1. Determine one quarter of the surface area of the Cα convex hull of the chain, which equals its mean projected area, and express it in nm² to one decimal.
2. If you place +1 on the Cβ of every Lys and Arg, -1 on the Cβ of every Asp and Glu, and leave all else neutral, what size is the dipole of the chain about its Cα centre, to the nearest 20 Debye?
3. Straight-line reach from LYS20: which lysines fall under 27 Å, measuring Cα to Cα and dropping same-chain residues less than 8 apart?
4. Between TYR39 and LYS139, what's the calculated FRET efficiency when r is the beta-carbon distance and R0 is 41 Å? Round to 0.05.
5. What does the convex hull of the alpha-carbon atoms of region 46-101 project to on average, in nm²?
6. Could you check the spin-label model distance between ALA98 and ASN17? Points 7 Å from the Cα along Cα→Cβ, value in nm.
7. How charged is the neighbourhood of SER145? Take every other residue with its Cβ under 12 Å from the Cβ of SER145, and add Lys/Arg as +1 and Asp/Glu as -1.
8. Of all the accessible heavy-atom surface of the chain, with the other protein chains kept in place and a 1.4 Å probe, what percent is carbon and sulfur?
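The values are calculated or read from the model by the stated rules, or taken from the named source; none is laboratory data. Computed from a predicted model, the values in this text were never measured in an experiment. Positions of Cβ are backbone-derived with ideal geometry, glycine not excepted, and every protein chain shown enters the neighbour counts. Surface accessibility is based on the protein's heavy atoms, side chains included, excluding ligands, DNA and RNA. Shrake-Rupley method; radii C 1.70, N 1.55, O 1.52, S 1.80 Å.
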Amino acid sequence: RQFDRPKIRVDIRRWRNKWKDRPRTADTGKQVLSRILSYAVAEGGLATNPCEGLPNLYQNNRADIIWDTGSLERLCKHASREVANAARLAALTGLRQADLLKLAWSHVGTNSMEITTVKSRGKRTAIIPLTRDLTRLLKTLPRRSTVILTNSDGRPWRGFGSSWNKAMKASGLSESGLHFHDLRGTAATN
């Protein structure tokens, strides 16, 4: 009954704002509460979810953050060959890290690469045109496994994030604000 009161949204907003100095934490709390209330609506315990429409506190727009050629070259200079290959491939394909690491040679066709994406749970297919630069890069990559990107042992990656972080630190880019995911935006921009 407490959640069917007209003023409950004010109380939820006040509760969320207790953590406004940590906006991601505040939003996570609101999202968890919203999930619980959505379940109550589905089960007939509530008429509506009072969290619906409450805006998040955390705002982040990284659309304008891309890897310039100098930063990418700097990373590749200090990274292992395998991490450098992953960075270059990400900058040319725009694939998310999880999709990039499962990208197999069998996904490479005559004119494009086609892969069902992890985030869509296999419902969407990414089609990446084989540009001149992408084709050139693929020709330089060793075929040591069914997947394109492998670790130094020639096996599919495990612990890629750790290797990426080491490369970022070694190149002096760990404080630059650049993330692996920004290579996706770089590909879109290019």
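1. 14.0
2. Taking the Cα centre of the chain as origin, the dipole is about 400 debye.
3. Within reach: LYS7, LYS30.
4. 0.20
5. Computed as one quarter of the Cα hull surface, the answer is 6.9 nm².
6. 3.5
7. +2
8. 48
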